[in-house]
Each structure stands twice: as structure tokens, then as C-alpha cells.
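A short worksheet on the structure shown next.
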2 protein chains.
Amino acid sequence: MNIPSKVRLIDVGPRDGLQNEKQPVPAAVKIELVHRLQAAGLKEIEVTSYVSPKWVPQMADNHEVMAGMTRQGGVRYSVLTPNLKGYEAAVLDKPDEIVVFGAASEAFSQKNINCSIAESIERFAPVVAAAKAAGIAVRGAMSCTVGCPYEGDIAPERVAYLAGLMKGIGVERVDVADTIGVGTPRKVQAAIGATLQHFGIDHISGHFHDTYGQALSNTLAALEMGVWNFQSSVAGLGGCPYAKGATGNVATEDVVYLLHGMGIETGIDLDKLVDAGQFISGHLGRPSGSRVARALLAKRAG
Amino acid sequence: MNIPSKVRLIDVGPRDGLQNEKQPVPAAVKIELVHRLQAAGLKEIEVTSYVSPKWVPQMADNHEVMAGMTRQGGVRYSVLTPNLKGYEAAVLDKPDEIVVFGAASEAFSQKNINCSIAESIERFAPVVAAAKAAGIAVRGAMSCTVGCPYEGDIAPERVAYLAGLMKGIGVERVDVADTIGVGTPRKVQAAIGATLQHFGIDHISGHFHDTYGQALSNTLAALEMGVWNFQSSVAGLGGCPYAKGATGNVATEDVVYLLHGMGIETGIDLDKLVDAGQFISGHLGRPSGSRVARALLAKRAG
């Protein structure tokens, strides 16, 4: 077992976590959330996206959030860019990294963005080129790497194919995402194994959803392969659009608890992180999706 | 990795899961739950306990439940016996196995049963002897093997000490329980490793609570040591008495999903199990504690 001694977490709460909220979340609240996450020790934060407000109204305040937040040295701020137009808007706000995306499932790609996997990656080529010319890092989010709501199980070969396309256009690192949370350890390891055909272990991050409660066992399985970058969402922000009322992103608090319990360093202060989660959960008016947060808060309440 | 290809699950829902319910659950409902669990393929069910109804009023119907249920060939029905008096009442109901218990934490032992660990095990000696003379199997539940609400972390040496005492009085197999759910993979593996000093891997079962969401990663860690017996509770029945409102027992549905996803046989029909969970959750008037059940029900609802 080559379990890493340090792990880097990328909190996607402000973007992925909040993007489907029906009620608008004020930019000031998002900025405060970013501030609280970096104060808790997060070194990577996915802040917002530059998608048409027609499709994702919750992210219409991208410029306001990016301009309004106080950046902290050593923290990487990433943003999602769906196309060249989005990239051109994003670059004005000086992100450290842009995120492009693709699905390992053809059916998902067609239903989600109305084109094939190959076409979707090809369209990102000029975005990636522009970002690299501007000295901005590029991450590729690979969705449905284990299962797809339309196709069911996804073969590792499809993941390797997508990873190869990403590599081909110059993407520097990729997320292996279990978008609908159906993965279990061996399947997740197969998806990571397929990704290793094109990216080194240092350039692969795990992004596991907790819809079926499997995210932490999948995290352990990925750690055992040497993966040391993971995405998660404070308070488990972000439900599952494919199963109403079900859990989506794994909670950052739960991942941190696992890692610290295993003696793995994250640089994160769990108490401050729980407070950040309570801040946003309080604003949204619902309990945290983090079991660790709920247990620690119950303990604090005595 | 010597991950087993088959796993045996012991559903503790009817006993451990329901014992702290404030509202009485009718014996007929408990019987129906046992019937549904065995119809779903469970081969071991912890049915009830023979504790004074003054302390655990919910289990006062032990005789009614044991006499009223229809036993299925090949299913092991176990009951908790706290002392010789409890054993003598239990034996009339012909359980296949009795469960005795002890804590790996002195403070917990003192607070919970008002005596030292050594005294508590010594008192069980005549119970174990009587059961073995009667041809009844004996399981030892070892609580607080990772952490204790009073002492904090528990050293593996304390687990080995307790396991040795259990072995000394003739206990045939033991549960390594993380009673307050604070365990993480390496700590749980250390507790199991300590237990292996006295019991073979076939005589060790994992009993992990999901209070901090860690139960499935701990299950994976135990599987990797070769453990193939686990306890769980349908619908996650049974909260955590040490953290109000927090989760206790891991849901059987969630464990089954993990195992089946890894290609490990359990003999359990997950759909029928989800239905059994819905039956009891409906009776208790609250949503299932199982993430798998919630996700599958959301999917069924379309």
C-alpha cells in the first residue's frame, strides 16, 4: 500500500455545490464562504463558473464574486469555463486555473451538451490553448467515469478514451468523477487505472459522490492507489440532480475526518471547516449534509 | 489483498436497532421485520434481548417475538443475554446463539455496567458454560474497540486484553465494535489485528457505526484483512446514544451495496431488503437512515 502522507483537497462547494440552488445566494455570502474555506486551510477552491446565466442563473454573479473576494497567498482559485466565450469572460477575473469538462458516457454527453464526447473535447481545444498561453492552469473534469444515469456501468476503456482526448488538447490534470455516486472501490480503482494510461498519479484527482454512501470507501480505494488530490464540497453542498432528495458531493468534513483519522495531513482545521459549513447551511436554511459536522455539532451541544 | 468473495451479514436491527425506541414497537411488527429480513436473504438476525424491562422496556416482548416468528432453515437467530437470569429466560425460547458483551474501555465498563472489564467477563463465565452445555453458540460483543465517549482513543492492547478474557471463558467468536463511530481504517485494522491474537479471522466480525460516516471505509479496511462477517442494521435503525440526533449503526442496505458492487456475494436481495427497511421506517414514521435506500427509492419514484 502506497497511501500518501499528505492530501490536497479541492473544495467545490461555492461552484458545484451551489450551482443548482433555486433561491439566489447573494455574492456576499459566496465571498464569505470562500474566505471561511481558505481560513480553514483549504488550498484549492472552485469558486464559480462562466456559463450562460440562462442555464445556470446561480453563477451569474461570477465577476462580482471573483472581484470581491480577498485572495490568500498559496491558494488556487479555479473556475469552470464551458467554452471560449466563457473563458474570455473568466480570464478578466484572473483565475489560477480553469476547468473544462467531458463525460465518459456518450449518452450523457449527448443529453447534457448535445454533442459527442470527441466533439466536446475538440471544442475545448482553443480554450485550453488560450489558457496555457496566458499561464493559466487547466484541469479537466471527467464525469460519469463509473456509471451513467442513461447507460449504466461505464467501461474503463471509455475513461481511458476520454482521458486520452483530454491529454491530447493539453489538459494538465484530470478529475475522475463518479457523478451519480454509484461507484464502489474496485470500479473506482478501474476508472483511475484507465486514467493512469494518460496522466500520472500526481495529476489525477478523485471526485466521488455520496449518493449511495460509498464516497469514503471509494476515497480509501483511491488513496491505496496513491491518489492524493480529491474534490469535495463543504457541508456536502450540491444534491444529486439524477435522484431527487438524494445526496451528491461528499462532504469535505467527512473526507477530512477520514484522512486525519488515518494520520494523513491536509493542512485543514476541521473545527473551522465545520463552522464554514454551518455558515452556509444556516444561510440555505437546512441541516448540513456532513455526518461529521452533525456528530461534532451534537457533541459540542453536549 | 485477500478480500473475501463471500460475506455473511448479521442484521441487528430488531434488537440493537430498536432497543432505544421510546414508543413501543408491537411484537407483531418486530416479527414481520424478522420475516422480511430472512425473506431478503439474511442468514443471521439478532432478534431481541433478555435484559430487565426496567432498563430496556422495548425488549420486554422477547418471548412473544421469539415464539411468534416463523423460523427459516439455515438462519441463525441470536439474542443478547446480560446475565444468568437473562440466559435462563432466553434458553426457553431456543435461540441459536447468545450474545454476551464487554467493553475495551474501563471507564465505559464502569459507567455502563458498574464493574471492571475483568469482573464483567468473569460474571459471564457461567452463562457461556451453560450455553455451551446446551449446544447454543456464543458470540462476544466487544464495544468501544476504537474509541470511548469517556476515555477517547482506545489502545489496541486493550482490545487484545478484552479478546483474551472473552476467549478465556469460552466465547467462540467476537464482534469488533466501533460503538461511537469514531474509527477510521487504520485504527479499525489495529483493533482487528489485536483481536487476531486470540481469535481466527473466521471468528471475528466487524460492527461499525456510521456516526462520522466512516462505516463503509472501515468495512473496506476490514475486508482487506480478510474479515467476512459484519453486523449492520436494516435502515440504519438505532441512533447514537452518545450524540443525540446522530447516526448509529451502519445501514445493512449500504453495506450490501458496497459488497455487491465489489462482486462479493452476500445471498441478499437488495430490493427486498430496501422494502424491509421501508416497512420498519414507515412504522417508526421517519425516513430510512440508509443512503442506498433513499437513492433507490428516489430512483424508483422516477
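Readers should treat all values here as calculations from the given coordinates under stated rules, not as data from a laboratory. As the structure is a computational prediction, the values presented were derived from the model and not from experiment. Neighbour counts run over all protein chains shown; Cβ positions are idealised from the backbone, glycine included.
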Residues of B:205-212, mean number of Cβ from any other protein chain within 10 Å of their own Cβ, rounded to a whole number? 3
Treating only Lys and Arg (+1) and Asp and Glu (-1) as charged, each at its beta carbon, one finds that the stretch A:137-254 has a dipole about its Cα centre, in Debye to the nearest 20, of 200 debye
With +1 at each Lys and Arg Cβ and -1 at each Asp and Glu Cβ, the charge dipole magnitude of chain B around its Cα centre, to the nearest 20 debye, comes out at 320 debye
What is the order of B:LYS187, B:LYS272, fewest Cβ neighbours within 10 Å to most? B:LYS272, B:LYS187
Show me A:223-236, A:202-215, B:128-141 ranked by packing, highest mean number of other Cβ atoms within 10 Å first. A:202-215, A:223-236, B:128-141
From the residues A:LEU37, A:TRP228, A:PRO82, which one has its Cα farthest along the dipole of chain A in the positive direction, the dipole being from +1 and -1 charges on Cβ of Lys/Arg and Asp/Glu about the Cα centre? A:LEU37
Cross-link table B:LYS6/B:LYS272; B:LYS43/B:LYS167; B:LYS30/B:LYS132; B:LYS54/B:LYS272, entries beyond 23 Å C-alpha to C-alpha: B:LYS43/B:LYS167; B:LYS30/B:LYS132; B:LYS54/B:LYS272
Once amide hydrogens are built 1.01 Å from N within the peptide plane, the residues lying 5 or more places from B:GLY206 or on another chain with amide H under 5 Å from its amide H are B:VAL176, B:ASN229, B:PHE230, B:GLN231
Please report the projected area of the protein assembly as shown's Cα convex hull averaged over all directions, in nm². 25.1 nm²
Each label point is 7 Å from the Cα along the Cα-to-Cβ direction; what then is the distance between the points at B:ASP153 and B:ILE201, in nm? 2.6 nm
Could you give the size of the charge dipole of the protein assembly as shown about its Cα centre, using +1 on the Cβ of each K and R and -1 on the Cβ of each D and E, expressed in debye and rounded to the nearest 20? 520 debye
Could you tell me which of B:ILE136, B:GLY183, B:VAL100 has its Cα farthest along the dipole of chain B towards the positive end, charges placed at Cβ (Lys, Arg +1; Asp, Glu -1), taken about the Cα centre? B:GLY183
Over the whole of A:250-263, what's the average partner chain Cβ count within 10 Å per residue? Rounded to a whole number, please. 3
Set of aspartates and glutamates near B:LYS94 by C-alpha distance (under 14 Å), chain-local residues within fewer than 8 positions excluded: B:GLU46, B:GLU64
Among B:SER290, B:SER143, B:SER217, rank each residue by its count of other Cβ atoms within 10 Å, from fewest to most, as a rough exposure measure. B:SER143, B:SER217, B:SER290
Under 15 Å from a label point 7 Å along Cα→Cβ of B:TRP55: give me every residue in the stretch B:163-206 with its amide N that close. none
With unit charges on the beta carbon (Lys/Arg positive, Asp/Glu negative), name the residue among A:GLY238, A:PHE124, B:ASN2 whose Cα is farthest towards the positive pole of the charge dipole of the protein assembly as shown. A:GLY238
What nm value, rounded to one decimal, do you get for the distance between A:LYS272 and A:LYS6 when each label is placed 7 Å out toward the C-beta? 1.7 nm
With runs of 4+ DSSP H residues as the only contributors, calculate the mean residue ellipticity of chain B at 222 nm using -39,500 (n - 2.57) per run, divided by the residue total and rounded to the nearest 500. -12000 deg cm²/dmol
The relative contact order of chain B, taking Cα pairs under 8 Å that sit 6 or more residues apart, comes to a percentage of 20 percent
Using only the Cα atoms of chain A, what semi-axes does the equivalent ellipsoid have when each is the square root of 5 times a gyration tensor eigenvalue? Give whole Å, largest first. 26, 23, 18
